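The numbers here are math on the coordinates, done by the rules we state, and not lab data. Nothing here was measured: the structure is a model prediction, and the numbers come from that model. Please note: Cβ atoms are built from the backbone with ideal geometry, for glycine as well, and neighbour counts cover all protein chains shown.
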Amino acid sequence: MSVESTTGPLTTESGAPVSDNQNSETAGIGGPGLIQDQLLIEKLAHFNRERIPERIVHARGAGAYGTFTVTADVTKYTRAKFLSEIGKQTETFLRFSTVAGSLGAADAVRDPRGFALKFYTEEGNYDLVGNNTPIFFIKDAIKFPDFIHTQKRDPYTGSQEADNVWDFWGLSPETTHQVTWLFGDRGIPASFRHMNGYGSHTFQWVNAAGEAFWVRYHFKTDQGIKNLTQAEADKVAGEDPDSHQRDLRTAIERGDFPTWTVQVQVMPVAEAAAYRFNPFDLTKIWPHADYPPIEFGKLELNRNPENIFAEVEQSAFSPSHFVPGIGPSPDKMLQGRLFAYADAHRYRVGINADHLPVNRPHATEARNYGRDGALYDGRHGRQKNYEPNSFGGPVETGQPLWQSVAVTGPSGEHVAPTHAEDNDFVQAGDLYRLMTEDERERLINNLAGSLSQVSREDIAQRAIENFRKADADYGKRLEAAVQALRG
Ligand code: HEM
């Protein structure tokens, strides 16, 4: 990124020298202002336009550049060039975030954390827009706007309301697994460095022979998992709202570069149909006993952005940004996200968002016939703006990036298929039973602290029933804890 010179005189936006930057022009001493004072007008007008719309979710975040290094041979699973050799390195940019809070919210809150990673590969940018949780609340994109409305501010009170939060969760039993995760110990990470990242969805990898696999990504923190209790978080959020952002920046400044060990679970495509869980259901994990994670890379963050607005606020990640050898799965959430992100960027940053320094390819260039729009930089010069043409220019390869998926049956608003052991509660119960007694105690207290704020008994009861269906003891203890708090 070129940096503006700090030598030479102060100038206006059009480069004319400024004679006085402290006193605006008036008609006479002590008189009214003048419209010829273009410096004042330009400064105030520019200032009024300094903000772009904040992200509708994940508004608050921090980012850093880094390096991804391949540590094991995965060429039998994918032909992605950036994964083609052990030792191969690719530049990355990672933006961490919270989900529900607006731009000025505190970092130390109970909320999933975003883990949005851009690989600047020689075949184009690959974006993996994940979270610090291997699962999510819902399994169909059509529910996402309703879900987020319940987590953000109520149209009347202007605050987040426990009634709305729990009404949605209770009426959407598939949330039980993720809610158990969120109110457990990992629900408030101590910092961005001390948590894992996940691709969460199932994606497709395709090898050079055209063989496809379903995969799930895991980024395991090498700093160790560290969390805050609710009481610790309340204190940190009050005293230092920027705790996570500062922690990341200062660690990198002192050369203490955070790293993650990167793993992948691989399912041969032929095994998907008979797998005990729907492998494309984002509310479920693939138990490691079924598909053991294979280590294949190391991610290190080692460079802070120079300018937060340019490089973090304007950074734009999209799950639709694939490279040859990697593609989507039929996960109904992922399918919705393939549209939603680039659309958000067109609205929030503008049609040329992908050409900003943080977003454009760094190891290759974008070559196409898209042109013009707000803030177009003229990079195509006099080249023809249509294809096919007889004057030269980029042409299609005829090589699809990923493998097509076989489908049957009529189109329609189908519920995602359930497999032999699928229901909305099985993995929530497994997670509860996996916890130590101390962990269960904290989980119940955290849940009860939130649920006891619900004003309507029917909403609270419906939510408790979901936890009871996950595990009878879980539901019983939660009900008692909520009653005790309500008195
Ligand atoms: C259908 C469901 C979803 C929809 C429609 C959706 C939509 C969005 C939108 C519109 C943004 C703002 C993008 C921007 O303004 O740049 C966003 C941000 C984000 N979402 Fe989602 N989202 C969904 C589910 C998920 C899931 C399941 C995950 C994680 C597995 C996730 C992770 C993120 C992250 C990490 C960001 C922040 C990206 C950044 O740092 O710029 N979202 N989402």
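Numbers for the structure displayed
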read-out: Full-extension gain in nm, Arg371 to Arg456, via 0.36 nm per residue minus C-alpha separation; value: 25.2 nm
read-out: For a label point 7 Å along the Cα-to-beta-carbon line of Thr364, residues of segment 116-133 with backbone N under 15 Å; value: 119-127
read-out: Computed E for Glu211/Gln89 - FRET, C-beta separation, R0 30 angstrom, nearest 0.05; value: 0.70
read-out: Shape of segment 168-238, Cα gyration tensor, a/c cut at 1.5; value: oblate
read-out: Candidate aspartates and glutamates for bridging to Lys43, where Cα separation is under 20 Å - those fewer than 8 sequence places away on the same chain excluded; value: Glu4, Glu13, Asp20, Glu25
read-out: Expected 222 nm ellipticity per residue - DSSP helices of 4 or more, -39500 (n - 2.57), all of the chain, to 500; value: -8000 deg cm²/dmol
read-out: Where GluC sites (Glu not before Pro) fall in DSSP loop in segment 1-33, at most 13 other Cβ within 10 Å; value: Glu4, Glu13
read-out: Unit charges on C-beta of K, R, D, E only; dipole of segment 1-56, Debye; value: 200 debye
read-out: Using a Förster distance of 30 Å, the FRET efficiency for Gln38-Ile308 (Cβ separation, nearest 0.05); value: 0.55
read-out: Rounded, prolate or oblate (a/c below 1.5 giving rounded, otherwise prolate when a/b exceeds b/c) for the chain by Cα gyration tensor; value: oblate
read-out: Chymotrypsin sites (Phe, Trp or Tyr not before Pro) lying in DSSP loop within segment 295-395, provided at most 11 other Cβ fall within 10 Å; value: Tyr386, Phe391
read-out: Val407-Arg486 pseudo-label distance in nm [points 7 Å out on the Cα-to-Cβ vector]; value: 4.5 nm
read-out: Euclidean distance of C-alpha centroids, segment 329-348 and segment 231-249, integer Å; value: 31 Å
read-out: Across Lys220/Lys284; Lys220/Lys469; Lys152/Lys476; Lys143/Lys226; Lys88/Lys298, pairs whose alpha-carbon gap is larger than 21 Å; value: Lys220/Lys469; Lys152/Lys476; Lys143/Lys226
read-out: Chain lengthening between Ala231 and Asp154 when straightened (0.36 nm per residue, less Cα-Cα); value: 25.2 nm
read-out: Two-site FRET efficiency, Glu13 against Thr418, from Cβ-Cβ distance with R₀ of 51 Å, rounded to 0.05; value: 0.30
read-out: Inter-part distance where segment 139-161 and segment 429-481 are each reduced to a Cα centre, Å; value: 22 Å
read-out: Cα gyration tensor shape for segment 367-487, rounded if a/c is under 1.5, else prolate or oblate; value: prolate
read-out: Distance-filtered residues of segment 244-273 - backbone nitrogen under 17 Å, label point 7 angstrom along Ala72 Cα→Cβ; value: 260-268
read-out: Dipole magnitude (debye, nearest 20) for the chain, charges at Cβ of Lys, Arg, Asp, Glu; value: 520 debye
read-out: Dipole-positive endmost among Gly412, Gln151, Thr221 within the chain (Cβ charges, Cα centre); value: Gly412
read-out: Whichever aspartates and glutamates have a C-alpha closer than 17 Å to that of Lys235, once near sequence neighbours (fewer than 8 apart) are set aside; value: Asp107, Asp111, Asp185, Asp247
read-out: Fully extended contour minus Cα-Cα distance, from Ala274 to Arg246, at 0.36 nm per residue; value: 5.4 nm
